[in-house]
1. Within the stretch 54-88, track down each residue that is of a type in the set (A, V, I, L, M) and either under 21 Å from residue 111 (Cα atoms) or loosely packed, with under 10 Cβ neighbours inside 10 Å (or both).
2. Only one of 150, 117 is surrounded by 10 or more Cβ atoms within 10 Å (Cβ to Cβ) and under 30 Å from residue 169 (Cβ atoms). Can you tell me which?
3. From 110, 128, grab the single residue that is out of contact with any Gly (no Cβ under 7 Å at 6 or more places or on another chain), surrounded by 14 or more Cβ atoms within 10 Å (Cβ to Cβ) and of a type outside the set (Phe, Trp, Tyr).
4. Given the criteria aliphatic (A, V, I, L, M), without any contact (Cβ under 8 Å) to a residue 60 or more places away in the chain and either in contact with a helix residue (DSSP H, G or I) (Cβ under 6 Å, 6 or more places away or on another chain) or within 26 Å of residue 3 (Cα to Cα) (or both), does residue 117 qualify?
5. Would you mind finding the one in 116, 134 that is under 25 Å from residue 62 (Cα atoms) and at pLDDT 95 or above?
6. Would you confirm, using the coordinates I've provided, whether residue 102 is closer than 28 Å to residue 4 by Cβ and part of a strand (DSSP E or B)?
7. Within the stretch 151-175, how many residues are farther than 24 Å from residue 9 by Cα and free of Cβ contacts under 8 Å to residues at least 24 places away in the same chain?
8. In the stretch 54-71, what residues are touching a residue at least 24 places away in the same chain (Cβ under 8 Å) and over 15 Å from the mean Cα position of the chain (by Cα)?
Amino acid sequence: MQTFNISNLLKGVYGSRGLPFPGNPNESSGSPIAGSFPDHIQVSEQRSRKGAPLWGQNVLGRPVFMPAKLRGVDLPNPLITITGEKSFIETDITEIGTVFEKTFTRPYDIVIICTLINAEGTWPEDEIIAIKKLYTEGDLYTLECAVTDIFLQPRNNFLLQKIDLMDMGAVENAQVIQLSGRSNIDFELEIK
């Protein structure tokens, strides 16, 4: 049976990150590295307040925290980043200072990092083709995830702008794909 460490795969693509918990590990407890997974894993049925599942399973049957779907398709091992920004108009007034006016909240920038792993231990070509098909079949998508449910409208909430396949070095059985886009808000035009 093959084992995969998604953290190590992502570290090879994006570089090293800090420990996944605040503060220093307790030196008396030994190594901060987790032990091996048990053979059978019970996936939690926990849900967010809006009803989205907090746990799912990847292709290897391992638990995935914060699963995500794009147009109803489960994304493999997703990591989602949401960045928000407010736009202000700055007006300089001589001998007084600067006046700031809030004009609007800009759309959220959303990055989804997916780690594709072939269960047979070979290059995940079929998985890459499936993500490419998902990318090319439209522009406006519904992104479903517990964290995006807080920030985005329920349907037609994500404009997929960009796809990046990261250099995997010598890793043969995995591919990291980054999907980037922006949030969408439906507007209604009222003519009076």
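1. Answer for the stretch 54-88, where residues must be of a type in the set (A, V, I, L, M) and either under 21 Å from residue 111 (Cα atoms) or loosely packed, with under 10 Cβ neighbours inside 10 Å (or both): 54, 64, 66, 68, 70, 73, 75, 79, 80, 82.
2. Checking each option against the conditions leaves just 117.
3. 128
4. So residue 117 does not fit the description; no.
5. 134 is the lone residue from the list that is under 25 Å from residue 62 (Cα atoms) and at pLDDT 95 or above.
6. The answer is no for residue 102.
7. Here the count works out to 3.
8. Result: 59, 60, 62.
The values are calculated or read from the model by the stated rules, or taken from the named source; none is laboratory data. Every value quoted in this text rests on a predicted model; they were computed, and no experiment measured them. With ideal geometry, Cβ positions are generated from the backbone for all residues, glycine too; neighbour counts draw on all protein chains shown.
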